[in-house]
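Q: Below: one structure in structure tokens.
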């Protein structure tokens, strides 16, 4: 009583004042309570004014956008702090509903629509316009309420004692339970019914006599309508026999406590309907239920598989304890020593001490949670050492250690105690906490954290924190002098705090104290009393071994990794880290495997897919959603995924695109192997694509009530969605809808690891082990780090993805086989044509002028170029097929081959241009042309061209490197050049320069040559016009024009493909680029046809050489 009075006095004093007005206009004045409060406290769910003026005020008049508007009271707008505070601040409590608490969706659960119980008030409520809503659906089934007049929605419910198609009822007077078959149940006919009438009497008859005139049988039709019961003479057939709609039974219902009477003269009372669940939960919000979802694809498994979450091994036999001894040790465990007196001793936990554990230890109670800043690859097993340190940074002997696996413990909270070294604690000494992190596999140091201990005077300090594990080991430099046996380190969470990390055998603030280390040789000695143990050992000095993890027979099945757990309780403690595809305490169970074949029309849009797993628990528990991403290797159309967690629905989504229903499981089947296809018919459509204009114009709440109609109207429709819901057309063709957030942010929890604006996905939102990037057009690679932009016309990105690792040539895609054929033809052709050209220009007479030298070197350069191209092609093929794996060989080839290939190609084009220039000068000079000077000049120019083309491409090997990357589940090795923006511009300029300038020189030189020849002829034959002479010379020397024109035309595909299209947007565009790539080498290979055959002198000399070769062959054979 006294306590109540004090509470009331305190409330009155704290909520009243003496202020007649508020000096500051930003304050709200409580008129009766005479108090001024901030407007931020008005409508916050807490009474700050004694007479409640702050909560009664019409807060919607404040026009604050972040307030929540109560649907049941449009004048009341609550602050966010009042949402989910456990109090009904809105008249109907909508501020406490989960969808409003978490701010995801201000919509009632789909199950609350047309369920008889109103949740929304106004002109359009959740119970109006329910004409097309079926009375029996996944949510009305077994919800206690009789939504259908024949009660079929309450048949075959769990937790009943009756058989199939029987109603359970109970006579409480006799304490007898009856099970009444559906076929024996009747409604009594009546001439009319009143609106909103509830039937309270049902009838049962064994069917021995015809009572159909006065009673209507539950079994007469699938759907009993109001007409069947309320129109005494009605025998009209029901309109809808496939499904019973609410428009056939409006304004009449059956009480779920109805009395069951016998069909006799007295209508004798038999029993009353007995609800199978607690009726207090009828109005509870219902969430996604897997009931009637069905199975897609269909399953042949009918047996119940063993629960994958069952414990594997043995039962611990816990001995019984004498109750009289249970309280002897207050907070500890009593131990009896054998003997006459049976001496008792107490084993105390760390937080208590004393002979009977009656005193509380002075300590730090620490709760830690660790999060990886980003995906650490490869996965690491960490060892954490938690230590107390004094003011000088010296490590106190008391410490704790934790083995932490990011993929296994990412969401776990560790609770530990750190005891002070002295009892009682020295009040003159202040302590803090240092946490060191080690890679347990290698015992390499990773990082450290510093935690201060506030309020040192308290006997028990409680600290809770989350620590972020950096992606890479700590190696920041700092200036603290740590002598020869230490190194200055920075704390990860305290940028300005440093400490000395000592070598083994040294300790102290500056690592100047030596100590004898007693740890095992394969462990790390952190301090005189602290040892960091390797994976296979444990104990305070790391001398103990877990024999079970060392045995030949690994306790972790299917090659799982056995890790020792030193919990100081279980002598055989270990944990198994399972390989992909297995799960369980000892990796003894197979994970569910799903092979998903993607239709080619869908695969052309994207090769990356977002996977949405939906887990439905029961109708009273919010469903759970897990999202990940999977890439399909190029050239494949199937992805295999392994699922460890139970699920009911699986969607796949094209990033920023369509959803496709992939798997439906009404009940999760462990260790199931599913084969399914994703076809265009599996697509989930937007409701706006399915409804006509009339339905689209309806307000949202009314439109939702026609969703069940969509499933019945479109018989092939599997799923659809709107801005709030995702809906499944279940086995009854009812739209089972659930809340689905379409606007999830995919950025790897704020740490985007993808380059070039790629989108980052995690393979698990909670415990992530892999990050996956979805790249924009023109980018590829695990992290979108490679680009096909710019003039990087290389064979690797064009053909690399098509080559399949670890399969024979016969099974390679057609584009690879085609490339092999083309490369082989080019090599053989160039070997023949190049040999002929080299033999031709070896003739001394043809090298009397510079042209012969240019063409001779060009022939050699072209042959070398094709040989290098062949080597590059086969290196690419064999390395991608994992036949050549020596990285040294691949690195040398990667760095040199591309530069040599580009230099040879450019040199050949420049040599051809040099020929054109010399011919032009020869025509201009005429008889004054100096042949000897031409030969000397040619030798110099050849050397300059070779040097310049090499120097201008020297940037390529500097920026080229060998990179290992993943394509889906396939490992690939790429030879990649990654240029900076400046180098990219330079590379583009150089490529254009080496391509356009030689061809321009060829064309201009040819025109000038013919023009000079025509002018000379005009001077000799003035009777003909200059145009006539030009045409005659053009006809005479047409090969001079044709040669550069052909070269230019053959080079145009390379130019057009590279600069017009900008980049290769995906590997699926490879054909165009591949053809352009091979065609770009034809001009250099065409020397025989462009220069030798059109020239009479060269052609005659070629004829002589061929005749000589033929004669030599005839002599030999």
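The values are calculated or read from the model by the stated rules, or taken from the named source; none is laboratory data. Because the structure is a prediction, the values reported are computed rather than measured. Don't worry about glycine lacking a Cβ; one is built from the backbone with ideal geometry, like all the others, and counts go over all protein chains shown.
Q: Before we move on, is residue 850 more than 20 Å from residue 1085 (Cβ to Cβ) and buried (at least 21 other Cβ atoms within 10 Å of the Cβ)?
A: The answer is yes for residue 850.
Q: Can you spot a residue in segment 558-569 that is more than 20 Å from residue 662 (Cβ to Cβ), touching a helix residue (DSSP H, G or I) at 6+ places or on another chain (Cβ under 9 Å) and at pLDDT 85 or above?
A: For segment 558-569, residues more than 20 Å from residue 662 (Cβ to Cβ), touching a helix residue (DSSP H, G or I) at 6+ places or on another chain (Cβ under 9 Å) and at pLDDT 85 or above: absent.
Q: Another one. From the list 467, 443, 437, which one is buried (at least 17 other Cβ atoms within 10 Å of the Cβ) and modelled with pLDDT of 85 or more?
A: 437
Q: Let me ask something else. Quick one: is residue 737 buried (at least 17 other Cβ atoms within 10 Å of the Cβ), outside the structural domain of residue 977 (by TED's automatic domain parsing), touching a helix residue (DSSP H, G or I) at 6+ places or on another chain (Cβ under 9 Å) and modelled with pLDDT of 90 or more?
A: yes
Q: Still on this structure, I have one more. For segment 169-189, give me each residue that is more than 57 Å from the chain's Cα centre (by Cα) and within 12 Å of residue 203 (Cα to Cα).
A: Across segment 169-189, the qualifying residues are 188, 189.
Q: Filter segment 623-635 for residues that are in contact with a strand residue (DSSP E or B) (Cβ under 9 Å, 6 or more places away or on another chain) and in a loop (DSSP other than H, G, I, E, B); which is modelled with the highest pLDDT?
A: Only one residue tops the list, namely 623.
Q: Evaluate the following for residue 364: is it in contact with a strand residue (DSSP E or B) (Cβ under 7 Å, 6 or more places away or on another chain), touching a residue at least 60 places away in the same chain (Cβ under 8 Å) and not in a strand (DSSP E or B)?
A: It is false that residue 364 is in contact with a strand residue (DSSP E or B) (Cβ under 7 Å, 6 or more places away or on another chain), touching a residue at least 60 places away in the same chain (Cβ under 8 Å) and not in a strand (DSSP E or B).
Q: Right, here's the next one. If you scan segment 162-187, which residues turn out to be farther than 16 Å from residue 144 by Cα, touching a strand residue (DSSP E or B) at 6+ places or on another chain (Cβ under 6 Å) and either not in a strand (DSSP E or B) or not assigned by TED's automatic domain parsing to the domain that holds residue 205 (or both)?
A: Across segment 162-187, the qualifying residue is only 184.
Q: Go through segment 872-896 residue by residue and tally those that are without any contact (Cβ under 8 Å) to a residue 60 or more places away in the chain and either under 30 Å from residue 934 (Cα atoms) or in a helix (DSSP H, G or I) (or both).
A: 6
Q: Kindly establish whether residue 285 is farther than 17 Å from residue 154 by Cβ, part of a loop (DSSP other than H, G, I, E, B) and modelled with pLDDT of 80 or more.
A: When the stated conditions are applied, residue 285 does not pass them.
Q: Let me ask another. Under the condition of being at pLDDT below 70 and surrounded by fewer than 19 Cβ atoms within 10 Å (Cβ to Cβ), which residue from segment 771-792 is farthest from residue 626 (Cα to Cα)?
A: 791
Q: Looking only at residues that are over 30 Å from residue 538 (Cβ atoms) and within 43 Å of the chain's Cα centre (by Cα) in segment 481-521, which one is surrounded by the fewest Cβ atoms within 10 Å (Cβ to Cβ)?
A: If we take residues in segment 481-521 being over 30 Å from residue 538 (Cβ atoms) and within 43 Å of the chain's Cα centre (by Cα), then 496 is surrounded by the fewest Cβ atoms within 10 Å (Cβ to Cβ).
Q: Can I ask one more? Would you confirm whether or not segment 42-51 contains a residue that is at pLDDT 80 or above, in a helix (DSSP H, G or I) and closer than 30 Å to residue 700 by Cβ?
A: No, segment 42-51 contains no residue that is at pLDDT 80 or above, in a helix (DSSP H, G or I) and closer than 30 Å to residue 700 by Cβ.
Q: Quick one: how many residues across segment 126-138 are out of contact with any helix residue (DSSP H, G or I) (no Cβ under 7 Å at 6 or more places or on another chain) and buried (at least 16 other Cβ atoms within 10 Å of the Cβ)?
A: Counting residues in segment 126-138 that are out of contact with any helix residue (DSSP H, G or I) (no Cβ under 7 Å at 6 or more places or on another chain) and buried (at least 16 other Cβ atoms within 10 Å of the Cβ) gives 3.
Q: Which fully enclosed strands (runs of 3 or more DSSP E) of segment 368-466 have 2 or more residues being closer than 25 Å to residue 348 by Cβ?
A: Output list reads 382-389, 395-404, 414-419.
Q: Listed residues 807, 803, 815, 820; which is surrounded by fewer than 21 Cβ atoms within 10 Å (Cβ to Cβ), modelled with pLDDT under 90, in contact with a helix residue (DSSP H, G or I) (Cβ under 8 Å, 6 or more places away or on another chain) and assigned by TED's automatic domain parsing to the domain that holds residue 890?
A: 815
Q: Taking only segment 595-611 into account, find how many residues are assigned to a strand (DSSP E or B) and surrounded by fewer than 21 Cβ atoms within 10 Å (Cβ to Cβ).
A: Within segment 595-611, residues that are assigned to a strand (DSSP E or B) and surrounded by fewer than 21 Cβ atoms within 10 Å (Cβ to Cβ) number 3.
Q: Given (1) surrounded by fewer than 18 Cβ atoms within 10 Å (Cβ to Cβ); (2) free of Cβ contacts under 8 Å to residues at least 60 places away in the same chain; (3) assigned to a helix (DSSP H, G or I), identify the lone condition not met by residue 990.
A: (1)
Q: Within segment 542-561, take every residue that is surrounded by fewer than 17 Cβ atoms within 10 Å (Cβ to Cβ) and not in a strand (DSSP E or B) and give me the one that is farthest from the chain's Cα centre (by Cα).
A: Per the stated criteria, the residue is 543.
Q: If you don't mind, another one. Here are some residues: 846, 901. Which one is assigned to a helix (DSSP H, G or I), within 30 Å of residue 811 (Cβ to Cβ) and touching a residue at least 24 places away in the same chain (Cβ under 8 Å)?
A: 901
Q: Just give me the residues in segment 223-234 being touching a helix residue (DSSP H, G or I) at 6+ places or on another chain (Cβ under 8 Å) and at pLDDT below 80, in sequence order.
A: Across segment 223-234, the qualifying residues are 226, 227, 234.
Q: Would you confirm whether or not segment 15-28 contains a residue that is over 17 Å from residue 59 (Cβ atoms) and assigned to a helix (DSSP H, G or I)?
A: The answer is yes, given that some residue of segment 15-28 is over 17 Å from residue 59 (Cβ atoms) and assigned to a helix (DSSP H, G or I).
Q: Out of 717, 701, 688, 709, I need the residue that is in a loop (DSSP other than H, G, I, E, B) and on the phi < 0 side of the Ramachandran plot. Which one?
A: Of the residues listed, the single one that is in a loop (DSSP other than H, G, I, E, B) and on the phi < 0 side of the Ramachandran plot is 717.
Q: Search segment 544-557 for residues being touching a strand residue (DSSP E or B) at 6+ places or on another chain (Cβ under 7 Å) and more than 21 Å from residue 582 (Cα to Cα), and hand back the single one that is modelled with the highest pLDDT.
A: Checking each candidate, the answer is 544.
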